[in-house]
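Below is one structure, written out as structure tokens; comments come after it.
Please treat every number below as a calculation from the coordinates, not as lab data. From a predicted model like this one, the values you see are computed outputs, not experimental measurements. Methodologically, a virtual Cβ is constructed for each residue, glycine included, from the backbone with ideal geometry; neighbour enumeration extends over all protein chains shown.
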There are 2 protein chains.
Amino acid sequence: MPSTSMEETSFKKGAVVLDTSLFVNPDVRRSFGPNPTAALEGFLFMAAQAPVFEFYMPPSIWSELKNFVEPQKIPGELFVYLHQKSPKRYELTTPASLLYELVEEIRDRVNRGLRVAERAARNPEGRATDEVIQDLRRKYREALREGIIDSKEDVDLILLARELDALLVTADQGIIKWADKLGIRWLAPEKFKEYMTGLIKKVKYLSAVPETGEDPTSST
Amino acid sequence: MPSTSMEETSFKKGAVVLDTSLFVNPDVRRSFGPNPTAALEGFLFMAAQAPVFEFYMPPSIWSELKNFVEPQKIPGELFVYLHQKSPKRYELTTPASLLYELVEEIRDRVNRGLRVAERAARNPEGRATDEVIQDLRRKYREALREGIIDSKEDVDLILLARELDALLVTADQGIIKWADKLGIRWLAPEKFKEYMTGLIKKVKYLSAVPETGEDPTSST
């Protein structure tokens, strides 16, 4: 029987938290299927063959995903490979220093949002109102939303990954920034299928090679 | 010698965290002095006679206050009664549930800010640009700033009061809302001078009356 290394044990418990982008983003989901439902089914089929992972999705993210997929078209058995779980919102804590960073970042963005609004109100180029409004919405969104955590779904992903010490698969730059602040491992979804394949191979290799730490001839 | 009750001991260590409003707001500071510098001096003089309190101010708030007062006009000795201290930003934690509340509140306010901006850009009443901009700034500020913690100074006040289990003296509605979420005692600054007077009387009264818990005839 092959030895069980520490590393292998940790792979076997390897929790992975998934954002919607793995199934929704067209460039990303392609490796799993031609449309979101097929991509989810393709992913679940692969997950069923990769017991080194435990996959999690916060229910809030699942609700978002249901706007894109038709779960009733996927064999129900496959859903045993995707756990739905929220983080322990009333037990977890976050470092107070993060609160400063969030408040300061928002303050800066609120100021940028006002400059965008003032420019639209002045309309120095004398553009048509509809064009001004479209431009305002886009620039306001850039100033206040992009690259920042701005929804309870975002917080769910960050906190669930923290709670489970999981790998977080997301393309959202605001979430990635916070994952880095908190020491959470993350992976871009377009790399995820190859990562799964690589890790399955690595585990097979480790299972086949005796663990040096357990070699009786090398013990002191 | 009068007995020392639990309650009195807790008064003696009674930490109080101060915002600038006690000295800056004209309606509030009047009880301590006719201008901010005189109000600060008047307060410090009273604090020197009230050893039941330990007064704290985060250095970030002190920096704000220095825009209004001239500390060099106040006898240096009095500053022994006002400790400058930041919260332990890298040790304290906050409940994760607060992060959800903050993110959701900001999201709602960002949406309101966009509606204010769109209305200014459309200018349906055909007002003069300067008037539109003034109105935009006021309404945008209301939507995104008022009643919410929006600066590191705000976070300093909340966290220092939490760290010291202190009474927080502030008139800021955003800070008060968070104090309530976290179980921090707070007091409106216009009540503070009377509160000090009342508490000094209470401590004197408790010092003069024997504590029933320490009555040897009632011990079991």
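Data table
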read-out: B:184, B:176 arranged by Cβ crowding within 10 Å, fewest neighbours leading; value: B:176, B:184
read-out: Other-chain or far-sequence residues with amide H under 5 Å of residue B:185's (modelled H); value: B:168
read-out: Cβ neighbours within 10 Å from other chains - mean over B:114-126; value: 5
read-out: Projected label distance in nm at residue A:45 and residue A:205, using a 7 Å step from Cα toward the beta-carbon; value: 2.8 nm
read-out: Using alpha-carbon coordinates, inclination of helix B:192-208 to the longest axis of chain B, degrees; value: 20 degrees
read-out: For A:100, A:205, A:195, B:140, order by how many other beta-carbon atoms lie within 10 Å, fewest first; value: A:205, A:195, A:100, B:140
read-out: Estimated vicinal HN-Hα couplings, Hz - the stretch A:26-33 in sequence order (Karplus 6.51, -1.76, 1.60; Gly, Pro = x); value: x, 5, 8, 5, 3, 5, 9, x
read-out: Volume per residue that the Cα convex hull of chain B spans, once the total is divided by residue count, Å³; value: 176 Å³
read-out: Nearest-first distances (nm) between copies at residue B:133, label 7 Å from Cα via Cβ; value: 2.4
read-out: Dipole magnitude of chain B about its Cα centre (Cβ charges: Lys, Arg +1; Asp, Glu -1), debye to nearest 20; value: 480 debye
read-out: With at most 15 other Cβ atoms within 10 Å, longest stretch of chain A clear of loop GluC sites (Glu not before Pro) (DSSP); value: A:1-90
read-out: Given charges at beta-carbon only (K, R positive; D, E negative), |dipole| of the protein assembly as shown in Debye; value: 900 debye
read-out: For the protein assembly as shown, with +1 on Lys and Arg beta carbons and -1 on Asp and Glu, the positive-most of B:25, A:33, B:113 along the dipole; value: B:113
read-out: Kirkwood hydrodynamic radius of the protein assembly as shown, from inverse mean 1/r over distinct Cα pairs, in Å; value: 26.6 Å
read-out: Label distances, nm, residue A:70 versus same residue in remaining copies, Cβ-directed 7 Å point; value: 7.9
read-out: Sequence-distant lysines (8 or more away, or on other chains) whose Cα lies within less than 24 Å of residue A:204; value: A:12, A:13, A:191, A:193
read-out: Ascending list, in nanometres, of distances separating the residue B:145 label from those of the other copies (7 Å, Cα toward Cβ); value: 2.5
read-out: 0 to 90° range, to nearest 10: angle between helix B:36-48 axis and chain B longest Cα axis; value: 20 degrees
read-out: Amide H contacts of residue B:94 (H built 1.01 Å from N, under 5 Å, at least 5 apart or other chain); value: A:94, A:96
read-out: Residue B:73-residue B:195 FRET efficiency (beta carbon distance; Förster radius 35 Å; 0.05 resolution); value: 0.85
read-out: FRET E, pair residue A:85, residue B:92, Förster distance 25 Å, beta-carbon r, rounded to 0.05; value: 0.35
